[in-house]
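Structure, as structure tokens:
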Amino acid sequence: MKLSKVFLAVLLVFVLVGTACAEDTIKIGVYNSLTGRTAFGGQLELEGIQMAHQEVPELLGKKVELIVVDNKTDKVEAANAVKRLV
């Protein structure tokens, strides 16, 4: 059930980003805690997102690229991670 919610959320993001993007590749930023105190939950979320990406690697005829950044469960690193995505 939780995986289907993640899949639907990712799919919705793909659709919204896809309509606003004119490039051949749709880039989606994945901002998560992959290291630090909350790494376990972040790793599980990333695995779910990657599974959804494997199921739907293209959207509207465009390749979908995931850009994964780690906020390291730290305020300063979180700000740096967001800057890398923007």
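Ile26 meets the stated requirement of being at pLDDT 90 or above and either surrounded by 14 or more Cβ atoms within 10 Å (Cβ to Cβ) or in a loop (DSSP other than H, G, I, E, B) (or both).
Residues in the range 56-86 that are closer than 20 Å to Glu45 by Cα, assigned to a loop (DSSP other than H, G, I, E, B) and not hydroxyl-bearing (Ser, Thr, Tyr): Val56, Pro57, Asn71, Lys72, Asp74.
Looking at Asn80, is it within 16 Å of Tyr31 (Cα to Cα) and buried (at least 18 other Cβ atoms within 10 Å of the Cβ)? Criteria not met by Asn80. Scan the range 29-55 for residues that are of a type in the set (Asp, Glu) and either within 24 Å of Glu77 (Cβ to Cβ) or not in a helix (DSSP H, G or I) (or both) and the total you get is 2.
Residues that are surrounded by 14 or more Cβ atoms within 10 Å (Cβ to Cβ) and touching a helix residue (DSSP H, G or I) at 6+ places or on another chain (Cβ under 7 Å) within the range 54-72 comprise Leu59, Lys62, Val64, Leu66, Val68, Val69, Asp70, Asn71, listed in sequence order.
The values are calculated or read from the model by the stated rules, or taken from the named source; none is laboratory data. Owing to the predicted nature of the structure, the values given are computational and were not obtained by experimental measurement. Reconstructed Cβ throughout: ideal geometry from the backbone, glycine too, with neighbour counts over all protein chains shown.
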